[in-house]
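The next block holds one structure in the form of structure tokens; read it before the comments.
Since every read-out is calculated from the coordinates, none of them should be taken as a lab result. If you're wondering where the values come from, they're calculated on a predicted model, not measured in any experiment. Please note: Cβ atoms are built from the backbone with ideal geometry, for glycine as well, and neighbour counts cover all protein chains shown.
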Amino acid sequence: MKHFIQAVSGILIPLIALATGCTGCTGSNVADSIPAEEKLVKVKGPGFSQDSAFNLIQKQLSFGFRVPGTKEHKNCADWLYAELKKYCDTVYYQKGNATTYDKKTIPVYNLIGSFRPGHAQRAMLASHWDSRPWGDADTKDTDKPIPAANDGASGVAVLLELARNLKGNKPPIGVDIVFFDAEDYGKSEVENSFCLGSQYWAKNLHKPGYRAQFGVLLDMVGGNNAKFMWEGHSDRTANWVLVHTWGIAQELGFRNYFVSQRTGEIIDDHRYVNEATGIPMIDIIQHDPSGRFAPYWHTHADNMDAVDKNTLYAVGHTITALVFNPPLNLIQ
Ligand SMILES: [Zn+2]
């Protein structure tokens, strides 16, 4: 999957300290030190259960390897569709095809669930749901599929748990939850061989002329000791969404996960969404300042042992608060 285009030296920007002049604030007292008028989280949204999110990852893995073109993959797609139908106002089951780097034709199933479909202002929240067909970063069985608990299933789980909580808790804006397929069927040496589902969607919008005011992609958001930094493409095209989202996370006490440090650009679904539609979309993705992903990335060790409920909790609460406190005043 993704590899760094260019590395940019990190510049640490302790956002909250800047805003309030409060140095050394840690954990939950951050919010208390901010004057109410400066708080980003003004509206308290519904809860978020990290246990439920954790179970939703296990459920995806229970289907087997979600490799495009397999029955396990189709069974999981049907389940995702049924789950979204339980919570969302409108659901789309987008079916298409894509050609892989090795000239194979694979089915592509993108699932889209919308809340308040008629609302003019919208947030697009996405994750890929497929799993990589090979453990090519492993030392053994490099041609065998991987469980992909963090790389794919974690983002889907956070968004499904959000959808469960939005049912009965109307968000202040329209929300579109998008599960992109075939993100991980690529080879880094072949351009545009990753993100085949978002590329298909970009050419076949689920709703003609679809637009959202801002977007967030979740990728590898359940790993233990995860750090989320300012990925380069997100920073270059949607810095205001980064600042607002990281501000909310740090206000909620998650600054040990959400670190305001710039890093290099990553090839991921947000690029294809942004380049095709102009939607300013950020990528919340676990990586370190030098561009490395977790040691179990694209190996058979990307299983439930790699998942940490505390990380799901931090990301889940941040995304929920973002939906209920969207950066509408910042929209450009
Ligand atoms: Zn991957």
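Sort 217-223, 194-200 by the packing proxy (mean of other Cβ within 10 Å over each peptide's residues), most packed first. Could the numbers behind the result be given before it?
Values: 217-223: 28.0, 194-200: 26.3.
For the peptides 217-223, 194-200, the packing ranking is 217-223, 194-200.
Do any trypsin sites (Lys or Arg not before Pro) in region 131-182 lie in a DSSP loop with no more than 12 other beta carbon atoms within 10 Å, and if so, which?
On the way: sites: Lys140, Arg164, Lys167; in loops: Lys140, Lys167.
Of the trypsin sites (Lys or Arg not before Pro), the ones in loops of region 131-182 whose Cβ has at most 12 other Cβ atoms within 10 Å are Lys140.
In Å and from the alpha-carbon atoms only, list the Rg and Dmax of region 101-259.
Looking at region 101-259, its Cα Rg and Dmax stand at 16.8, 50 Å.
Only Lys, Arg, Asp and Glu count, each charged at its Cβ (+1, +1, -1, -1), so figure out the dipole size of the chain about its Cα centre, rounded to 20 debye. Each step should come with its number before you reach the end.
Values: 32 positive and 35 negative charges, 193 e Å.
That gives the chain a dipole magnitude of about 920 debye.
Multiplying the sequence separation of Arg292 and Val43 by 0.36 nm and subtracting their Cα-Cα distance, what value in nm do you get?
Values: separation 249, 0.36 × 249 = 89.64 nm, distance 3.57 nm.
Going from the current span to full extension adds 86.1 nm.
When the Kirkwood radius is taken over all Cα pairs of region 184-272, what Stokes-Einstein diffusion coefficient follows at 37 °C and 0.692 mPa s, in µm²/s? Don't jump to the answer; show the numbers that get you there.
Numbers: Rh = 14.8 Å.
The diffusion coefficient I find is 222 µm²/s.
What stretch of the chain, leaving out the sites themselves, is the longest with no GluC sites (Glu not before Pro) in a DSSP loop having at most 15 other Cβ atoms within 10 Å?
Numbers: sites that count: Glu189, Glu191.
So the longest stretch without any such site is 1-188.
Give the angle, between 0 and 90 degrees and rounded to the nearest 10, that separates the Cα long axis of helix 50-62 from the longest principal axis of the Cα atoms of the chain.
Rounded to the nearest ten degrees, it is 10.
Viscosity 0.692 mPa s, temperature 37 °C: Stokes-Einstein D of the chain from its Kirkwood Cα radius, in µm² per second? Can you show the working numbers first?
Working: Rh = 19.6 Å.
For the chosen part, D equals 167 µm²/s.
Once the other residues with Cβ under 13 Å from the Cβ of Thr277 are scored (Lys, Arg +1; Asp, Glu -1), what is the net sum? Show your work: numbers first, answer last.
Working: positive: Arg122, Lys203, Lys207, Arg211, Arg271; negative: Asp176, Asp269, Glu275.
Taking every Cβ under 13 Å from that of Thr277, the sum is +2.
Give me the net charge for the shell around Lys207: Cβ to Cβ below 12 angstrom, other residues only, Lys and Arg +1, Asp and Glu -1.
Numbers: positive: Arg122, Arg211; negative: Asp176.
That sum, taken over residues with Cβ under 12 Å, equals +1.
Take the Cβ-Cβ distance between Asn192 and Thr142 as r, set R0 to 30 Å, and report the resulting FRET efficiency rounded to the nearest 0.05.
Numbers: r = 23 Å, r/R0 = 0.77.
Efficiency computed from Cβ-Cβ geometry: 0.85.
Could you please state, rounded to a whole Å, how far the C-alpha centre of region 181-206 is from the C-alpha centre of region 109-124?
Region 181-206 and region 109-124 have Cα centres separated by 21 Å.
Convex hull volume of the Cα atoms in region 132-216, per residue, in Å³?
Values: hull volume 10.2 nm³, N = 85.
It comes to 120 Å³ per residue, whole-number rounded.
Once the piece of chain linking Lys74 and Ala120 is laid out straight, how much longer is it, given 0.36 nm per residue of separation minus the C-alpha distance between them?
Numbers: separation 46, 0.36 × 46 = 16.56 nm, distance 3.28 nm.
Difference between extended and current length: 13.3 nm.
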